[in-house]
Amino acid sequence: MNSLRTSEYNLRRREKRARESLDERFQRRSARNVADRLRRGRARSDQQMANRVNSQSETNVSEHDCGMMTEICNFCQALDWRNELNFSNKYTKCCHDGKVRLPNLAETPDLLKELLTNNSLEARNYQQHIREYNAALAFASMGAEVKSTPSNGPYCFRIHGQIYHRIAPLYSNERFKIGYGHLYIFDASEANSRRLENNPSCLSSVMEKLDALLRTINLMLLIQSNPTVNVKMIFMEYPDLDMRRYNAPTSRTEVAAIFVGDDGEPPANRDICIYPIGEGCKNISPLNQCNDPMVYPLLFLEGNRQYVVDAYVKTEGSRLNYIRLNQKDLRVEFYRGLLDALTNRASNNNLRVGKLVILPSSFQGSPRSMQQNYQDAMAMVRKFGRPDLFVTFTCNPSWPEILNALQGRERPENRPDSVVRVFKMKLSELLDDLIKRKVFGCVTSYIYFTEFQKRGLPHCHILLTLDSSSKIRTKDDIDKFVSAELPNINVNRRLFEIVTKCMVHGPCGILNPKAPCMKDGECSKQFPKAFREETEDIVNGYPVYKRRCIEPVRVGKHYIDNRWIVPYNPWLSKKSTRQCR
């Protein structure tokens with residue numbers, strides 16, 4: 001019976017196709033081709049999803065390790081990691097392939113070595129109050145608005161706004177008391193007593209040793225205590241001349257001018273030296289080569305001239321000054337309409353308009369630069385569609401590569417150079433996993449931005465747009481790639497340790513009312529989340545992840561459950577041993 005129906009159906013289909021026109025035949029075949037492609041695409045997508053899930057199993061991944069910093073540059077003998085090789089198999093980040101040659105560092109005095117490396121009472125006090133010691137012994141002052149870190153964490157020296165370096169006036173008064181370079185004129189004991197009055201946390205024994213060290217080896221103090229002696233040699237052409245013409249003048253009413261010339265004539269250019277005796281402090285140019293030795297005497301013990309501490313601020317300030325002085329060359333006249341609008345608005349409000357300075361888009365961090373980057377990102381969205389994944393990658397100061405690069409009693413915050421180098425290698429490995437190895441599928445476009453947190457550690461935000469065959473569409477797909485629950489400690493203990501150490505929010509709320517995320521008595525991140533038996537559909541661009549009710553687990557001083565877990569990807573978190581969500 002079934003075979004008879006099948007034969008009748010095939011007969012009617014052949015008769016129908018025999019009567020169809022060429023256009024109808026073309027449309028029928030096109031529709032069939034589209035259906036076949038969709039069917040093959042779904043099958044391929046299901047297979048890719050299965051492959052990605054299998055490859056992303058947190059039990060099949062090993063933690064990424066950059067190794068030890070044992071590679072040596074052939075030119076400057078600097079230590080590098082193996083992963084820092086460039087495409088030419090060379091290490092160029094240290095000396096740029098031998099093109100940069102710096103003088104050898106001077107030998108550190110034994111006193112400084114002991115204070116920086118020992119664990120004695122004096123050494124611990126010096127390391128804890130090193131900025132106070134430096135300010136007390138400085139020849140000039142540094143003025144800046146210092147911002148404290150928002151919460152506990154690695155030490156980070158943060159400044160906001162302009163930095164000023166000032167030297168005290170020649171004479172002290174009620175407004176400007178004796179300090180900084182003035183103190184080196186006094187006897188060492190009196191100078192140290194004055195320093196300790198303003199720095200009670202410092203030890204007198206350490207201050208006396210540092211003062212004696214600077215008075216012995218610092219070039220500025222040696223010049224002050226041993227002024228150059230002028231030597232004069234006179235050749236007498238006629239021996240019968242009166243020698244008294246070279247005696248010092250005794251008249252109190254005469255004013256004389258003395259000049260020195262090669263041929264006996266007055267010099268064409270005469271410089272006038274003005275010695276300020278005013279009450280105000282004098283600013284020191286950030287480009288002055290004596291700036292750093294005067295402000296940081298404990299870093300430049302011998303008074304050597306070098307740019308180290310404020311180098312980035314000075315470089316950026318010099319660039320801004322160039323932009324301010326070359327507005328015409330930067331074609332700022334095209335913004336004349338903006339200036340006219342501001343002038344009219346100010347005149348209506350009885351205000352005075354200052355000088356308009358336009359920052360070009362080539363200056364990184366300027367409003368025009370950020371707007372240009374935003375427009376580039378939106379152009380990618382228009383072409384490839386909205387991003388599918390938002391990945392955050394944060395630096396971990398406890399990475400073995402960072403800890404192995406430390407020496408003595410150093411902490412990760414003491415070596416920001418090693419921190420950023422390891423983070424760059426880890427970030428490159430992550431991008432290779434996402435883009436080249438396609439752990440989430442085929443990526444059609446990506447955008448990432450690296451920034452520094454307020455506590456000093458770098459982190460990166462990555463937006464990924466997946467191919468249509470790789471998109472995550474269902475709740476089950478979301479659960480396979482993103483988790484907001486504690487892993488099973490019996491199945492994967494290492495992942496459990498990583499999540500409880502790096503992916504637990506707070507705690508905040510009633511458990512910790514003074515947490516950094518607390519604003520107006522509530523958590524700004526909406527923690528703790530509500531329990532949920534299954535993942536819900538995407539709301540405002542983000543899905544509501546599954547958070548099942550479990551027995552609380554002790555983490556530190558508190559008991560936490562799935563409501564406190566930050567969403568993460570198990571595979572990436574275990575490989576990078578850090579927050580990767």
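The values are calculated or read from the model by the stated rules, or taken from the named source; none is laboratory data. Remember, it's a predicted structure, so these values are computed and weren't measured experimentally. All Cβ positions, even for glycine, are placed from backbone atoms using ideal geometry, and neighbour counts span all protein chains on display.
Worth pointing out:
- S7, sole failed condition from (1) among the hydroxyl-bearing types (S, T, Y); (2) modelled with pLDDT of 80 or more; (3) in a helix (DSSP H, G or I): (2)
- Qualifying residue in region 564-575 (condition: at pLDDT below 90, at positive phi and out of contact with any helix residue (DSSP H, G or I) (no Cβ under 7 Å at 6 or more places or on another chain)): no
- Residue match in region 536-547 (condition: in contact with a Cys (Cβ under 6 Å, 6 or more places away or on another chain) and either over 30 Å from H64 (Cα atoms) or surrounded by 18 or more Cβ atoms within 10 Å (Cβ to Cβ) (or both)): no
- Spans of helices (runs of 4 or more DSSP H) in region 130-231 with at least 3 residues out of contact with any helix residue (DSSP H, G or I) (no Cβ under 7 Å at 6 or more places or on another chain), exposed (fewer than 13 other Cβ atoms within 10 Å of the Cβ) and at pLDDT 75 or above: 188-198
- Among residues of region 469-488 that are in a loop (DSSP other than H, G, I, E, B), those with a Cβ under 6 angstrom from a residue that is among the acidic types (D, E), sequence gap 6+ or separate chain, pair up as K471/D388.
- Among the candidates K454, K529, residue that is touching a strand residue (DSSP E or B) at 6+ places or on another chain (Cβ under 9 Å), among the basic types (K, R), assigned by the TED database to the domain that holds G385 and in contact (Cβ under 8 Å) with a residue 12 or more places away in the chain: K454
Here's the yes/no breakdown for (1) modelled with pLDDT under 75; (2) of a type outside the set (S, T, Y); (3) closer than 29 Å to E451 by Cα:
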site	(1), (2), (3)
V332	yes, yes, no
L339	yes, yes, no
N344	no, yes, no
N348	no, yes, no
V353	yes, yes, no
I358	no, yes, yes
F363	no, yes, yes
S369	no, no, yes
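- For region 504-519, the tally of residues that are at pLDDT 90 or above and assigned to a loop (DSSP other than H, G, I, E, B) stands at 1.
- So R409, is it part of a loop (DSSP other than H, G, I, E, B) and surrounded by 17 or more Cβ atoms within 10 Å (Cβ to Cβ): no
- Candidate set from region 361-397 (those that are in a strand (DSSP E or B) and surrounded by 14 or more Cβ atoms within 10 Å (Cβ to Cβ)); member that is nearest to the chain's Cα centre (by Cα): T394
- Top-ranked residue of region 406-437 - restricted to ones that are of a type outside the set (D, E) and free of Cβ contacts under 8 Å to residues at least 12 places away in the same chain, ranked as farthest from F481 (Cα to Cα): Q407
- Candidate set: region 374-393, residues that are among the basic types (K, R) and touching a strand residue (DSSP E or B) at 6+ places or on another chain (Cβ under 8 Å); chosen: the one farthest from K480 (Cα to Cα): K383
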